Amino acid sequence: MSESRAIFRPAVQADCGVIAQLYRIASDGVADYIWSTIAMPDEDILDVGRRRYEREDTCFSYQNCTVAEVAGKVVGMLVAFPMHVDPTEEQSDPVLAPYAILEEDDSYYICGVALFSAARGQGVGSQFMQLAEQQALEKKLNKLSLIVFEQNAGAKRLYVRLGYREVAREPVYPHPLIHYTGDAILMVKHLAL
């Protein structure tokens with residue numbers, strides 16, 4: 001696959017099945033945990049994710065997703081949205097609490113970027129990160145934020161190379177569905193409006 005062949009477009013509701021697959025990759029087990037807590041009896045975990053992303057007017061919606069296509073097939077996605085922190089809201093679930101603590105107010109939050117393995121190493125991920133910057137500026141937000149696991153050294157190196165800086169960290173609450181232990185790190189990049 002060549003970088004120039006990737007076409008980026010806003011996601012549509014029909015993409016929600018593939019968005020769930022890609023978000024599952026991006027979240028390193030966090031989505032599996034969340035989706036397992038809201039699944040109907042005997043519901044497949046990916047069906048839960050699809051159902052969540054089919055919703056509208058909520059953060060976790062296809063409306064906040066951009067997909068990359070090659071030859072008409074979705075190969076990757078970006079989920080990003082404006083983050084406005086409610087200081088009175090507390091996360092009671094200890095597994096999710098570290099991520100809630102690491103929210104950066106008034107930022108454009110890159111919630112997830114993922115590519116299927118065949119599309120990796122072609123520059124599509126970097127294009128998604130550039131696109132997130134454009135989207136932030138269009139929304140008049142001068143900073144982007146994301147959370148990365150410290151043990152995901154390759155991703156952290158990429159974000160540092162792209163200008164993101166660590167601003168806070170919280171210990172990951174151990175759970176068998178979550179792929180990493182150690183710390184979750186909030187990284188922020190400032191933009192000129």
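The values are calculated or read from the model by the stated rules, or taken from the named source; none is laboratory data. Treat the numbers as computed from the prediction; the structure is a model and nothing was measured. For neighbour counting, all protein chains shown are included, and Cβ atoms are generated from backbone atoms with ideal geometry for every residue, glycine included. In case anyone asks, the SASA skips ligands and DNA or RNA and just uses the protein heavy atoms, side chains included. Shrake-Rupley method; radii C 1.70, N 1.55, O 1.52, S 1.80 Å.
Springs join every pair of Cα atoms under 10 Å in this Gaussian network model of the chain, and among D28, D86, D47 the largest mean-square fluctuation is at D86. Any idea what the relative contact order of the chain is, in percent, if you count C-alpha pairs under 8 Å spaced at least 6 apart? That works out to 21 percent. Stretching the chain fully between D44 and Q13 yields a gain of 9.3 nm (0.36 nm per residue, less the alpha carbon separation).
Counting only GluC sites (Glu not before Pro) that sit in a DSSP loop (anything but H, G, I, E, B) with at most 11 other Cβ atoms within 10 Å, what is the longest stretch of the chain containing none of them?
Values: sites that count: E56, E89, E90.
Longest run free of exposed loop sites: 91-193.
When nucleic acids and ligands are ignored and a 1.4 Å probe is applied, M40 ends up with an accessible area of around 120 Å².
With contributions of -39500 (n - 2.57) from each DSSP H run of at least four residues, the per-residue ellipticity at 222 nm computed over the chain stands at -9000 deg cm²/dmol. Listed by chain and number, the lysines whose C-alpha is less than 30 Å from the C-alpha of K73, apart from same-chain residues fewer than 8 away, are K139, K156.
Were the residues from V85 through Q21 laid out at 0.36 nm apart, the gain over their Cα-Cα distance would be 20.3 nm. Per-residue accessible area (protein heavy atoms, 1.4 Å probe) orders D105, D42 as D42, D105, starting from the largest.
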